[in-house]
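This report concerns only the one structure given below.
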DNA sequence: TATTGTTATACTCTATAACTATA
DNA sequence: TATAGTTATAGAGTATAACAATA
């Protein structure tokens with residue numbers, strides 16, 4: 001399967017290789033950005049995912065983070081003890097707990113998004129046409 | 001500074017936002033890939049960085065991973081105890097220790113690179129022309 | 001004196017297994 | 001019986017501070 005993709009889409013593989021290099025380079029930058037907000041990388045991930053007024057079941061959080069559910073308990077504990085989110089019982093299924101951003105959490109999330117929004121310096125090497133093309137292709141990739 | 005970039009390069013910001021979404025989505029996939037090779041995400045990062053026959057000073061590893069030097073000690077301990085790398089004293093400066101891939105480590109690194117090479121399914125939605133364009137732009141971004 | 005790597009310590013992240021409450 | 005979340009436990013990642021060897 002992988003070999004078939006590699007044979008039939010050599011350019012896709014090259015693109016993916018370059019993106020992987022970007023991912024690993026970025027891995028090192030998230031901890032320092034997180035540190036400035038007194039967050040861990042995973043906590044950033046959670047805040048990045050949460051939309052204001054859009055509760056998320058804890059189980060779905062575990063799926064999205066690709067980690068065990070037991071892990072989410074402590075993660076949510078720490079975010080809740082900092083007043084960034086709150087647990088609420090689900091109305092539909094009393095086993096389920098959902099988490100919601102507090103106003104404080106929403107403000108910190110906005111701050112996080114603002115800091116994440118600044119493109120790294122190398123982007124300035126791209127022409128406007130290249131930037132637009134990149135956006136169009138990434139939108140197809142993520143859409 | 002950030003505001004200036006945002007005002008002058010709105011498309012760069014949009015492109016970066018989309019890449020950030022890709023990064024966070026990918027964050028969840030690295031642990032499972034790592035698990036298949038009995039590695040942690042950081043250990044994958046180290047192996048991804050190491051070229052065969054190209055020693056890296058431990059201090060430079062700490063810089064690249066953007067973590068404290070004290071952290072690298074345990075990280076290298078665990079990789080060394082698994083026989084994937086070895087420490088060697090530097091000839092130039094006897095304070096410095098460099099790490100080198102063992103043959104076993106080089107094989108595991110090759111396996112890792114092979115698995116990382118498979119592009120996610122959405123890449124098949126792109127035409128060949130789009131793939132080539134994406135490669136060209138990413139090369140400028142990373143070059 | 002300054003720097004490289006280590007050690008001691010403490011906290012967070014992570015998984016596994018056993019448990020509780022609900023379905 | 002099965003599922004959602006918790007707890008207990010253990011190992012790995014991370015930073016800070018103090019330390020040894022070397023520059």
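The values are calculated or read from the model by the stated rules, or taken from the named source; none is laboratory data. Nothing here was measured: the structure is a model prediction, and the numbers come from that model. Every residue, glycine as well, gets a Cβ built from its backbone with ideal geometry; the counts of neighbours run over all protein chains shown.
Within region A:88-108, which residues are touching a strand residue (DSSP E or B) at 6+ places or on another chain (Cβ under 7 Å) and exposed (fewer than 14 other Cβ atoms within 10 Å of the Cβ)? Passing the criteria: A:88, A:89, A:90. Considering region B:1-117, the qualifying helices (runs of 4 or more DSSP H), each wholly inside and each with 1 or more residues that are more than 30 Å from residue A:50 (Cα to Cα), run over B:41-49, B:58-65, B:69-81, B:103-116. Among the residues of region B:101-124, the one identified as under 16 Å from the mean Cα position of the chain (by Cα), away from chain A (no Cβ under 11 Å) and without any contact (Cβ under 8 Å) to a residue 12 or more places away in the chain is B:110. One residue alone among A:25, A:66 is near DNA strand C (Cβ under 9 Å from one of its atoms), without any contact (Cβ under 8 Å) to a residue 40 or more places away in the chain and surrounded by fewer than 19 Cβ atoms within 10 Å (Cβ to Cβ), and that residue is A:66. Each residue in region A:125-143 was checked for being more than 7 Å from chain B (Cβ to nearest Cβ), assigned to a helix (DSSP H, G or I) and more than 10 Å from residue B:15 (Cβ to Cβ), and 1 of them qualify. Would you pick out the residues in region B:16-50 that are at the interface with chain A (Cβ under 8 Å from one of its Cβ atoms), closer than 19 Å to residue B:61 by Cβ and more than 12 Å from DNA strand D (Cβ to nearest atom)? Across region B:16-50, the qualifying residues are B:48, B:49. Given the conditions (1) away from DNA strand D (no atom under 12 Å from the Cβ); (2) at pLDDT 95 or above, which single one is not true for residue B:94? Residue B:94 satisfies every listed condition except (1).
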